[in-house]
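Novice: Questions regarding the structure given below will be posed in turn.
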């Protein structure tokens with residue numbers, strides 16, 4: 001968590017941070033606001049269905065577009081749009097091409113929620 | 001708080017929401033993520049020096065540019081950049097021209113912090 005100080009002291013340029021990594025579906029922490037993290041993630045392809053029992057999850061598209069699949073509908077999102085998945089609601093992000101996304105979620109939130117499995121990651125600060 | 005349901009159900013387009021209001025320094029709520037609000041605000045001119053004792057405050061520029069003055073330095077921010085003012089740190093936003101800004105802060109956060117006064121507002125949902 002050595003980056004913590006950096007983030008608290010300096011401004012963050014989203015584009016510059018996104019240029020620092022290329023893996024998909026692996027959120028990176030770029031800021032903390034009380035008990036919340038600001039994370040950046042790149043999506044391409046399909047993620048897994050999951051839900052967060054007690055945590056709402058905010059997705060803002062900063063570049064590209066992707067779709068949040070819910071069990072009863074789809075929410076297509078493009079640059080400059082956000083969607084908040086309410087706690088308890090199953091969802092699956094899907095991106096046909098690379099999308100760059102800013103997340104806001106509790107520090108306790110795990111990327112795969114209740115699903116767990118191989119795609120679970122512990123995010124690093126960048 | 002009638003807009004609450006809308007925000008929880010629908011995606012939000014930032015540009016469309018910013019088009020709904022024109023006053024400066026009056027944050028509007030556009031989403032909630034657990035005990036945090038997502039707010040939009042337009043800055044032009046100078047705000048007041050203040051601090052939030054227990055609450056960090058996140059500022060992301062979505063259009064234009066502005067500067068966060070701290071007691072010991074200035075943090076100029078342009079589109080696609082964010083800065084988190086740590087709790088307890090005095091700050092004053094200043095914008096020479098209109099800037100559009102997305103805030104993330106606890107529901108308890110008051111725009112004027114410890115300063116209070118005439119520029120204090122209770123934000124509405126839009």
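Novice: Taking chain B as a Gaussian network, where each spring joins two C-alpha atoms under 10 Å apart, which residue of B:21, B:66, B:43 fluctuates the most?
Specialist: B:21
Novice: Largest first and in whole Å, give the semi-axes of the protein assembly as shown's equivalent ellipsoid, each being the square root of 5 times a Cα gyration tensor eigenvalue.
Specialist: Values: eigenvalues 169, 78, 56 Å².
Output for the protein assembly as shown: semi-axes of 29, 20, 17 Å.
Novice: Where the label is 7 Å out from Cα toward Cβ, how close does residue B:124 come to the same position in every other copy, in nm, shortest first?
Specialist: 4.8
Novice: What are the label-to-label distances in nm, one decimal and shortest first, from residue B:72 to the same spot in the other copies, with labels 7 Å along Cα to Cβ?
Specialist: 5.3
Novice: Here is a further query. Along Cα→Cβ at 7 Å, what distances in nm separate the residue B:97 label point from those on the other copies, shortest first?
Specialist: 3.0
Novice: Continuing with the same structure: If you average the alpha carbon positions of region B:92-126 and of region A:70-89, how far apart do those two centres end up, in angstrom?
Specialist: 27
Novice: A further question follows. Could you tell me what fraction of 2.2 N^0.38 Å the Cα radius of gyration of region B:56-124 comes to, as a two-decimal ratio? Walk me through the numbers before you get to the answer.
Specialist: Details: Rg = 11.9 Å, N = 69, 2.2 N^0.38 = 11.0 Å.
So the Cα radius of gyration is 1.08 times the expected 2.2 N^0.38 Å.
Novice: Pick from A:93, A:27, A:76: which residue has the top mean-square fluctuation in a GNM of chain A where Cα pairs under 10 Å get a spring?
Specialist: A:76
Novice: Within region A:54-74, what residues put their amide N at less than 17 Å from the label point 7 Å along the Cα-to-Cβ vector of residue A:92?
Specialist: A:66-74
Novice: Quick check on the protein assembly as shown: helices-only [θ] at 222 nm, where DSSP H runs of length 4 and up contribute -39,500 (n - 2.57) each and the sum goes over total residues. Nearest 500, please.
Specialist: -2000 deg cm²/dmol
Novice: Right, another one. Using 0.36 nm per residue, how much length does the chain from residue A:114 to residue A:24 gain when fully extended, once their Cα-Cα distance is taken away?
Specialist: Length difference between fully extended and current span is 30.4 nm.
Novice: Rounded to the nearest 0.05, what FRET efficiency do residue B:122 and residue B:53 have when you use their Cβ-Cβ distance and R0 = 22 Å? Before the final figure, lay out the partial values.
Specialist: Numbers: r = 19 Å, r/R0 = 0.86.
That gives a FRET efficiency of 0.70.
Novice: Could you work out the relative contact order of chain A? I mean the mean sequence separation of Cα pairs under 8 Å and 6+ apart, divided by the number of residues, in percent. Mind dumping the intermediate values first?
Specialist: On the way: 285 pairs, mean separation 40.8, N = 126.
Worked out over chain A, it gives 32 percent.
Novice: Shifting gears a bit: Report the convex hull volume per residue for region A:3-106, counting only C-alpha atoms, in Å³. Please report the intermediate quantities before stating the final value.
Specialist: On the way: hull volume 10.0 nm³, N = 104.
Normalising the Cα hull of region A:3-106 by residue number yields 96 Å³.
Computed from the coordinates by the stated procedures, all read-outs in this text should not be read as laboratory data. All of these numbers come straight from a predicted model, not from anything done at the bench. FYI the Cβ positions are ideal-geometry reconstructions off the backbone, even for glycines, and counts take in every protein chain you see.
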